[in-house]
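Chemist: First the structure, which I've put down as structure tokens, then a few questions once you've had a look.
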Amino acid sequence: MLHYLKLLLWPFALLYGGIMALRNWFYAKGILASRRFKVPVIVVGNLTVGGTGKTPHVEYLIRLLHNYKLAVLSRGYKRKTRGFILADAQSTPAILGDEPFQYHRDFPEVTVAVAESRVEGISKMQEHVPATQVFLLDDAFQHRAVQASFYILLTDYTRLFYKDFVLPAGLLREPKYGAKRADAVIVSKCPRSIEIAELKRIKANVLKYTSKDTPVYFSTFGYGKPVAMSTQFQARKEIILLTGIANAAPLVTYLQGQGYSILQHLNYPDHHTYTLQNLTDLKQLLQQPAYRNASILTTRKDAVKMQDSALASRTSQLPIGYIPVEVVFLDDAAGFDQQLLAHVQTFQATETV
């Protein structure tokens, strides 16, 4: 049935793909304006709709480039505001969006802002914080109005871009050859048990669509010990899992491998906005006999939203904690780090000439 549906949608995919290819050609030829800045602008993005692990990879870059004055700019997906907004002490997930609020909360030394127009966003951030040395743009691979200095393309191991099709027949935002803009490709969410032969096979397929000799890296998620969000939390093996992310499967696999018994998985859509009613329902669920000895585990992305001032008092009444996650490179972390650091250092050297 799915096969026939894709066939029916194929003409629309050809039309959409043609429009996106023409748009890219206009930018490549300079018919549509694309602005380049005098500081490093590093884009983390993808070709595919949905989560590929951009947030943990941006956080990896923040840690890697901690010696520089950093700024993170995002569109602020599903925020309830518009225009340019610089994060401050009054910011909430509703004002910034989920991921920007998480960056702001977890990395207070980093300047964070949101704007639909990345050109406007970078320009205004430079006005507010002229000492900024590096800009990180979250989910901006298709935002061609900015000509970034370095493009990082993520592709999910379970949804490799070269196996997919353009919307609406598939999940690609643009044709596969958009990968040619990438300065580095990261295959994310890989299993730790992946074999060398498979790494080579994936790399060869990726390189069919990128520029020659584009580095291809492989990463996975490293999960840490649960972090308490309230004094009620105890690290128990019987849990209610609470997620509002694009793909919870890697987390579920990890928890099961660690011996957790997931009594119930409350799997909300990505970017879910938690309400007092959600937390009240959760508290009532814990009062049922089957769940009285259970703890609640969630993700860091969900945790920051539930610790917002409007929900914090209710969250503190729950036995809830979150699982921290970090990016772990499987093959050549040193090579990736060196490539990024060398790129930024090239700009620094130019400034001193």
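Chemist: Say R0 is 25 Å: what FRET efficiency, to the nearest 0.05, do Ile19 and Lys180 get from their beta-carbon distance?
Modeler: That pair, Ile19 with Lys180, gives E of 0.90.
Chemist: Say R0 is 22 Å: what FRET efficiency, to the nearest 0.05, do Gln90 and Gln147 get from their beta-carbon distance?
Modeler: Computed FRET efficiency for Gln90 and Gln147 comes out at 0.10.
Chemist: Evaluate the charge dipole of the stretch 1-160 about its Cα centre and quote only its size in Debye, nearest 20, assuming +1 on the Cβ of each Lys and Arg and -1 on the Cβ of each Asp and Glu. Intermediate values should be presented prior to the final figure.
Modeler: Details: 19 positive and 12 negative charges, 105 e Å.
For the stretch 1-160, the charge dipole is close to 500 debye.
Chemist: If you plug each phi of the stretch 126-139 into the Karplus form 6.51 cos²θ - 1.76 cosθ + 1.60 with θ = phi - 60°, what whole-Hz ³J(HN,Hα) values come out, in order, with x for Gly and Pro?
Modeler: Ordered by residue, 3J(HN,Hα) equals 5, 5, 6, 10, x, 7, 4, 9, 9, 10, 10, 9, 8, 6 Hz.
Chemist: Over the stretch 185-232, what is the mean sequence separation of C-alpha contacts under 8 Å (at least six apart), divided by residue count, expressed as relative contact order in percent?
Modeler: Working: 28 pairs, mean separation 27.0, N = 48.
Relative contact order here is 56 percent.
Chemist: Report the extension gain between Val252 and Val49 in nm, rounded to one decimal, defined as 0.36 nm multiplied by the number of residues separating them, less their alpha carbon distance.
Modeler: Result: 70.9 nm gained on full extension.
Chemist: What are the residues whose amide H is under 5 Å from the amide H of Val112, where those residues sit 5 or more places off or on another chain and H is modelled from the backbone?
Modeler: Result for Val112 returns Val72, Ala87.
Chemist: Ok, one more. Quick one: compute the contact order of the stretch 214-288, relative version, from alpha carbon pairs under 8 angstrom and 6+ residues apart, as a percent.
Modeler: 31 percent
Chemist: If a/c stays under 1.5 just call it rounded; otherwise compare a/b with b/c (prolate if a/b is bigger, oblate if not). Do that for the chain, with a ≥ b ≥ c from the square roots of the Cα gyration tensor eigenvalues.
Modeler: Taking the square roots of the gyration eigenvalues as a ≥ b ≥ c, the chain is prolate.
Chemist: When the chain is fully extended, how far beyond the present Cα-Cα distance does Gln126 get from Gln232, taking 0.36 nm per residue of separation?
Modeler: 33.8 nm
Chemist: Can you list the trypsin sites (Lys or Arg not before Pro) in the stretch 290-326 that are in a DSSP coil and have 12 or fewer other beta carbons within 10 angstrom?
Modeler: Passing both the DSSP loop test and the Cβ count: Arg292.
Chemist: How many angstrom lie between the Cα centre of the stretch 114-181 and the Cα centre of the stretch 22-84?
Modeler: Comparing the Cα centres of the stretch 114-181 and the stretch 22-84, I get a distance of 4 Å.
Chemist: List the trypsin sites (Lys or Arg not before Pro) in the stretch 1-110 that DSSP assigns to loop (not H, G, I, E or B) and whose Cβ has at most 11 other Cβ atoms within 10 Å. Which are they?
Modeler: Lys29, Arg36, Lys38, Arg82
Chemist: Given a cut-off of under 8 Å on Cα pairs at least six residues apart, what relative contact order in percent is computed for the chain?
Modeler: On the way: 629 pairs, mean separation 68.5, N = 353.
The value is 19 percent.
Chemist: Follow-up question, since we're still on this one. Just grab the label-to-label distance for Thr280 and Lys212, each label 7 Å out from Cα along the Cβ direction, in nm (one decimal).
Modeler: Label-label distance for Thr280 and Lys212, simple model: 6.6 nm.
Chemist: Could I have the simple spin-label model distance between Gln317 and Leu341, label points 7 Å from Cα toward Cβ, reported in nm to one decimal?
Modeler: Distance between the two pseudo-spin positions: 5.0 nm.
Chemist: Using a cut-off of 14 Å between beta-carbons, work out the net charge of the residues near Leu14 (Lys and Arg +1, Asp and Glu -1, Leu14 not included). Each step should come with its number before you reach the end.
Modeler: Details: positive: Lys6, Lys176; negative: Glu174.
So the environment of Leu14 carries a net charge of +1.
Chemist: What do you get for GluC sites (Glu not before Pro) in the stretch 84-123 restricted to DSSP loop and a cutoff of at most 16 other Cβ within 10 Å of the site's Cβ?
Modeler: Sparse-neighbourhood loop GluC sites (Glu not before Pro): Glu109, Glu116.
Chemist: Rounded, prolate or oblate: which fits the stretch 32-95, taking a ≥ b ≥ c as square roots of the Cα gyration tensor eigenvalues, rounded meaning a/c under 1.5, else prolate when a/b beats b/c?
Modeler: Verdict is rounded for the stretch 32-95.
Chemist: With respect to the cross-link table entries Lys54/Lys176; Lys38/Lys301; Lys180/Lys200; Lys29/Lys80; Lys38/Lys124, which display a Cα-Cα separation exceeding 25 Å?
Modeler: Listed pairs above 25 Å: Lys38/Lys301; Lys29/Lys80.
Chemist: Net charge near Glu120: determine it from the other residues with C-beta under 14 Å of the C-beta of Glu120, scoring Lys and Arg +1 and Asp and Glu -1.
Modeler: Overall, the nearby charge balance is +3.
Chemist: OK, next. Averaged per residue, what accessible surface does the stretch 154-273 expose to a 1.4 Å probe, in Å²?
Modeler: Here the residues of the stretch 154-273 average 48 Å² of exposed surface.
Chemist: Taking a ≥ b ≥ c as the square roots of the Cα gyration tensor eigenvalues, with a/c under 1.5 meaning rounded and otherwise prolate when a/b beats b/c, else oblate, which class fits the stretch 123-242?
Modeler: Oblate, because a/c is 1.5 or more while a/b does not exceed b/c.
Chemist: Give, rounded to the nearest 20 debye, the magnitude of the charge dipole that the chain has about its Cα centre when Lys and Arg contribute +1 at Cβ and Asp and Glu contribute -1 at Cβ.
Modeler: Working: 40 positive and 28 negative charges, 143 e Å.
With Lys and Arg at +1 and Asp and Glu at -1, about 680 debye.
Chemist: Continuing with the same structure: What number comes out for the charge environment of Thr315, summing +1 per Lys or Arg and -1 per Asp or Glu over other residues with Cβ under 12 Å away? If you can, show how the numbers build up before the last one.
Modeler: Numbers: positive: Lys283, Lys305, Arg314; negative: Asp302, Asp308.
Its environment carries a net charge of +1.
Chemist: Now for a separate question. Of all DSSP beta bridges located in the chain, what percent are antiparallel, nearest 5?
Modeler: On the way: 10 of 52 bridges.
Restricted to the chain, the bridges split so that about 20 percent are antiparallel.
Chemist: What distance in nm separates the simple spin-label points at Arg63 and Glu109, each placed 7 Å from Cα in the Cβ direction?
Modeler: 1.4 nm
The values are calculated or read from the model by the stated rules, or taken from the named source; none is laboratory data. Only a predicted model underlies this, so the values are computations on that prediction, with no experimental measurement involved. Heads up, the Cβs are rebuilt from the backbone with ideal geometry, glycines too, and the neighbour counts pull from every protein chain shown. The accessibility values were calculated without ligands, DNA or RNA, using every heavy atom of the protein model including side chains. Shrake-Rupley method; radii C 1.70, N 1.55, O 1.52, S 1.80 Å.
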